[in-house]
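Coordinate-derived values only; no laboratory data. All of these numbers come straight from a predicted model, not from anything done at the bench. Positions of Cβ are generated from backbone atoms using ideal geometry, with glycine treated the same way; all protein chains shown enter the neighbour counts.
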Amino acid sequence: MIWDLIQQVQLSNASNQREDLETRVQRLESQLRSTNNTMVELLKLLEKRFGEDLDGDGRIG
């Protein structure tokens with residue numbers, strides 16, 4: 001009986017940790033998308049400012 005209770009608590013804790021990990025992964029993925037978008041916008045602004053193709057895509061801006 002006690003052992004069953006201990007196992008149930010351990011399973012519950014593992015489930016909570018998994019959910020926490022999934023939440024952190026989602027947050028990190030969102031931050032990565034935001035960072036990538038910011039870098040693309042910065043690159044466009046720098047290309048316009050300096051009039052050069054900095055990323056090698058054949059276009060300025």
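Here's the picture: charge each Lys and Arg Cβ at +1 and each Asp and Glu Cβ at -1 in the chain, and of V25, I60, L11 the one pushed furthest to the positive end of that dipole is I60.
Computed over the chain with a Gaussian network model linking Cα atoms closer than 10 Å, the most mobile of L28, L11, L46 is L11.
Sorted ascending by nearby beta carbons within 10 Å, beginning with the fewest, D4, D55 become D4, D55.
This model, with +1 at the C-beta of Lys and Arg and -1 at the C-beta of Asp and Glu, gives the chain a dipole about its Cα centre of some 160 debye.
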